[in-house]
Every structure is written in structure tokens, then in C-alpha cells.
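Asks: Just dropping this structure here.
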Amino acid sequence: MREAVDHLITVHGKQRIAFVRGPLGVPDADERYTGYATALHARGIEVDPSLITPGTFTRRSGADAVRQLCDERRVPFDALVAANDAMAAGAVEELGRRGLRIPQDVA
């Protein structure tokens, strides 16, 4: 996760990277969150809690995360990473339903 987030920052110039995390207390989810936060801090970017959404390692929770970011919080983001592939797939589907292009609009 650290390398993926660092890549988004250094290669693609992304600064507002949303994160769909897995369940709190689950070691894999916690480690991936740590990688996300570590990469941001290493590049001088503060962790913005409004860009972090809960997830349950399911496709649906990835889609729900996008709805939460876009509809409830209304926070801008230029990239999104997820703690597992299922949540990433759900997020990609929901972004597509909204007419957002990947990677042009959201990496």
C-alpha cells in the first residue's frame, strides 16, 4: 500500500488520495492503513480523515465508500485506494456509474 500511494504521489502528482479501509482491528486492514498514512507523511501530506472511509472487504463497501465521499461528505479527491481488490472493484464500478473516468478523473 505504501508503494502504491507513493507512486500516485510521485509519478502522477496526486495529493488528495481517498482510502477505503478494512475493518478496524483486522491486521491486514490495519497494516494497509499504516502503509497509506506512512506514504502520505513521507511526502509531506497530512492524513485527511474526511478522505478515509470504512470498509468490510466487500465489493458493496467499496461502492458505499464512493457514495459517502461524493454524496455525504462531498470531498474532492483525485485518487482512491482500497485495502483489498473487492472494495477497489466496487469503488471503480460506482465511479463509472457517476461518469468519472479512470484514471483520467480519478486514479
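Asks: Considering only protein heavy atoms, what per residue accessible area in square angstrom results for the chain with a 1.4 angstrom probe? Write out the running numbers ahead of the final one.
Replies: Values: 5710 Å² over 107 residues.
Per residue, the chain has an accessible area of 53 Å².
Asks: Another question, then. I want the local charge near Arg16. Using Cβ-Cβ distances under 9 Å, sum +1 for each Lys or Arg and -1 for each Asp or Glu among the other residues. All intermediate terms of the calculation are to be shown ahead of the outcome.
Replies: Numbers: positive: Lys14; negative: Asp48, Asp78.
Charge balance in the 9 Å sphere: -1.
Asks: Hey, another quick one. With a Cα-only, solvent-free Debye model of the stretch 1-65, what are the log10 I(q)/I(0) values at q = 0.25 Å⁻¹?
Replies: -1.10
Asks: Here is a further query. Amide H neighbours of Ile52 under 5 Å, counting only residues 5+ apart in sequence or on other chains, H built in-plane at 1.01 Å?
Replies: Here the answer is Phe19, since their amide H atoms fall under 5 Å of that of Ile52.
Asks: Normalising by the residue count of the chain, find the relative contact order in percent from Cα pairs under 8 Å and 6+ residues apart.
Replies: Working: 173 pairs, mean separation 32.9, N = 107.
Relative CO of the chain lands at 31 percent.
Asks: Continuing with the same structure: Rounded to the nearest 500, what is the 222 nm mean residue ellipticity of the chain from helices alone, with -39500 (n - 2.57) per DSSP H run of 4+ residues and division by all residues? Please report the intermediate quantities before stating the final value.
Replies: Values: 4 runs with 47 residues, N = 107.
Helix contribution divided over all residues of the chain: -13500 deg cm²/dmol.
Asks: With the radius of gyration and the Kirkwood radius both derived from the Cα set of the stretch 18-107, what is their ratio Rg to Rh? All intermediate terms of the calculation are to be shown ahead of the outcome.
Replies: Working: Rg = 12.3 Å, Rh = 13.0 Å.
Radius of gyration over Kirkwood radius for the stretch 18-107 works out to 0.95.
Asks: With the full set of protein chains in place, find how many percent of the accessible area of the stretch 42-85 is carbon and sulfur; take the probe as 1.4 Å. Can you show the working numbers first?
Replies: Working: 1170 of 2410 Å².
Exposed carbon and sulfur together represent 48 percent of the surface.
The values are calculated or read from the model by the stated rules, or taken from the named source; none is laboratory data. This one's a predicted model, so the numbers in the text were calculated from it and none came from an experiment. All Cβ positions, glycine included, derive from the backbone under ideal geometry; neighbour counts span all protein chains shown. With ligands, DNA and RNA removed, areas are computed over all heavy atoms of the protein, side chains included. Shrake-Rupley method; radii C 1.70, N 1.55, O 1.52, S 1.80 Å.
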